[in-house]
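Student: Pasting in a structure now, in structure tokens, and then I'll have a few things to ask.
The values are calculated or read from the model by the stated rules, or taken from the named source; none is laboratory data. From a predicted model like this one, the values you see are computed outputs, not experimental measurements. Cβ sites come from the backbone with ideal geometry, for glycine too, and all protein chains shown count toward neighbours. Heavy atoms of the whole protein, side chains included, go into the accessibility calculation; ligands, DNA and RNA do not. Shrake-Rupley method; radii C 1.70, N 1.55, O 1.52, S 1.80 Å.
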Amino acid sequence: MAPAKPGGGWHQTAQSLQDVLQRDRLATSPVQVYNVEGAGGVNGLNQLAGEKDDKVLMVMGQVMVGGIINANAQRTLKDSTPIARLLGESLVLVVPATTDYRNLEQFLSEWRRDPKKMVITGGSAGGADQILAGLIADRVGIDPAQMNYVPNSGGGESITKLLSGEVQAGISGVGEYKDLIKSGKLRAIAVSGQKRSNLIPEIKTLTEQGIALSYLNWRGVVARPGLSDSVKQQYIDMIKKMRDSPTWQQVLKTNDWEDSFLTGDEFAKFIEQEDGTVRKALKEIGAVK
């Protein structure tokens with residue numbers, strides 16, 4: 001399950017899992033990808049929490065942690081069985097190529113002048129894209145509470161808004177915007193990682209441009225709650241084999257995803273810690289009280 005509309009990072013990750021598990025014959029049955037959209041992944045989580053089929057895995061990540069907090073959802077990731085954290089991804093700040101902003105400095109100058117007029121789009125409310133926008137605002141002297149952020153339930157929606165001129169800027173994973181950047185329809189002005197993205201190596205990091213901030217989004221997979229220890233271990237073993245395969249390592253390289261592998265109980269502990277980290281960040285930018 002990809003708990004969002006097609007076109008975004010969760011869907012891309014689900015398709016990559018499907019491809020590698022089938023190509024390397026690591027799964028015991030055919031792998032299918034389906035979408036359950038809405039509420040920062042909370043709708044998908046609610047469905048998984050009531051799932052009886054052991055064969056369902058759900059792609060998730062930091063965006064879902066934020067979506068749960070933002071929605072004050074009854075279900076949390078404690079209502080799942082953590083299997084593995086898979087990857088980390090740098091985000092990219094883009095503007096439509098038709099705008100006058102040629103670089104980050106020009107964009108920030110206009111954003112400071114009228115924060116509410118600068119409409120920024122990205123993934124779901126409370127997710128990594130909104131957090132990064134708020135953290136950038138905070139670092140450059142803009143009150144995050146004045147930020148005008150428009151959320152979406154899938155990467156395709158943000159692209160539509162950017163190309164139509166409905167919004168002035170967008171934030172998403174580099175992999176989601178790279179084709180439009182390369183075609184010249186979007187202009188990338190900064191990436192969020194500690195190092196430049198191999199997909200768009202000419203684009204400087206925020207740190208290189210004087211903003212002391214680096215930020216990565218992460219993604220993983222979980223199963224239904226109440227999974228037996230034996231089935232859980234089967235999944236962990238399968239994902240470990242996938243992670244160690246040349247096929248998956250090539251997927252990471254192709255998408256410029258960082259290997260951030262973590263499994264089982266260690267992954268569960270990380271999710272608990274991440275809840276506190278994300279909650280603090282959302283409070284810092286005024287997204288939640």
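Student: For G123, what is the net charge nearby, where nearby means another residue's Cβ is under 11 Å from its Cβ and Lys, Arg count +1, Asp, Glu -1?
Tutor: Local charge sum for G123: -2.
Student: Specify which residue in the list I236, V251, T121 is farthest towards the positive end of the charge dipole of the chain, using unit charges on the beta carbon of Lys, Arg (+1) and Asp, Glu (-1), about the Cα centre.
Tutor: Of the options given, the answer is T121.
Student: Using the Karplus curve 6.51 cos²θ - 1.76 cosθ + 1.60 with θ = phi - 60°, what ³J(HN,Hα) values do you get for each residue of the stretch 170-176, in whole Hz, with x for Gly and Pro?
Tutor: Karplus-based 3J(HN,Hα) across the stretch 170-176 equals x, 10, 6, x, 3, x, 6 Hz.
Student: Convert each backbone phi in the stretch 101-117 into a coupling constant with the Karplus relation 6.51 cos²θ - 1.76 cosθ + 1.60 (shift: θ = phi - 60°), then list the ³J(HN,Hα) values in order as whole Hz, x for Gly and Pro.
Tutor: 7, 8, 7, 5, 4, 5, 4, 5, 4, 6, 5, 5, 5, 8, x, 6, 6
Student: Quote the charge dipole size of the chain about the Cα centre in Debye, to the nearest 20; the model charges only the Cβ of Lys and Arg (+1) and of Asp and Glu (-1).
Tutor: Charge dipole of the chain: 200 debye, to the nearest 20.
Student: Okay, moving on. Just tell me which aspartates and glutamates come within less than 19 Å, Cα to Cα, of K240; anything on the same chain fewer than 8 places away is out.
Tutor: Within reach: D19, D24, D54, D229, E258, D259, D265, E266.
Student: How much net charge surrounds L57 when only other residues with a Cβ under 13 Å from its Cβ are counted (Lys, Arg +1; Asp, Glu -1)?
Tutor: Neighbourhood net charge equals +1.
Student: Which trypsin sites (Lys or Arg not before Pro) in the stretch 100-154 sit in a loop by DSSP (not H, G, I, E or B) and have at most 12 other Cβ atoms within 10 Å of their own Cβ? Can you show the working numbers first?
Tutor: Working: sites: R102, R112, R113, K116, K117, R139; in loops: R102, K116, K117.
When the trypsin sites (Lys or Arg not before Pro) of the stretch 100-154 are filtered for loop state and at most 12 Cβ neighbours within 10 Å, R102, K116, K117 remain.
Student: Taking a probe of 1.4 Å, how large is the accessible area per residue of the chain, in Å²? Please list the in-between numbers first.
Tutor: Details: 12950 Å² over 289 residues.
Per residue, the chain has an accessible area of 45 Å².
Student: If you put +1 on each Lys and Arg Cβ and -1 on each Asp and Glu Cβ, how big is the dipole of the stretch 31-83 around its Cα centre, in Debye rounded to 20?
Tutor: Magnitude of the dipole: close to 100 debye.
Student: At a 1.4 Å probe, what is the % contribution of carbon and sulfur to the accessible area of the chain?
Tutor: Result for the chain: 45 percent of the exposed heavy-atom area is carbon or sulfur.
Student: Also, I was wondering about something else. Tell me the net charge near E258. Cut-off is 14 Å between Cβ atoms, E258 excluded, with +1 for each Lys or Arg and -1 for each Asp or Glu. Please report the intermediate quantities before stating the final value.
Tutor: Numbers: positive: R85, K195, R196, R219, R243, K253; negative: E89, D256, D259.
My count for the surroundings of E258 gives +3.
Student: Of all beta bridges DSSP finds with both residues in the chain, what is the antiparallel percent, to the nearest 5? Walk me through the intermediate numbers first.
Tutor: Numbers: 26 of 33 bridges.
In the chain, approximately 80 percent of DSSP beta bridges are antiparallel ones.
Student: With every protein chain left in place and a probe of 1.4 Å, what is the accessible surface of T121, to the nearest 10 Å²?
Tutor: 0
Student: Taking a probe of 1.4 angstrom, what is the accessible area of T81 in Å², to the nearest 10?
Tutor: For T81, solvent-accessible area is about 20 Å².
Student: Tell me the mean residue ellipticity at 222 nm calculated for the chain from its helices only (DSSP H runs of n ≥ 4, each -39500 (n - 2.57), averaged over every residue, nearest 500).
Tutor: Values: 10 runs with 121 residues, N = 289.
Rounded to the nearest 500, the figure is -13000 deg cm²/dmol.
Student: Step through the residues of the stretch 266-271 one at a time and calculate ³J(HN,Hα) from phi using the Karplus curve (6.51 cos²θ - 1.76 cosθ + 1.60, θ = phi - 60°), rounding each to whole Hz and writing x for Gly and Pro.
Tutor: With coefficients 6.51, -1.76 and 1.60, one gets 5, 5, 4, 5, 4, 4 Hz.
Student: Also, quick follow-up: Taking H as built 1.01 Å from N, whose amide H comes closer than 5 Å to the amide H of L86, not counting residues under 5 places away?
Tutor: The answer is R219, G220, V221.
Student: Which cross-chain or sequence-distant (5 or more) residues have an amide H under 5 Å from the amide H of Q194, H modelled 1.01 Å from N in plane?
Tutor: Amide H to amide H, under 5 Å and 5 or more residues apart or across chains, Q194 pairs with Y215.
Student: About its Cα centre, how strong a charge dipole does the stretch 55-166 have in debye, to the nearest 20, once Lys and Arg get +1 and Asp and Glu get -1 at the Cβ?
Tutor: It comes to approximately 300 debye.
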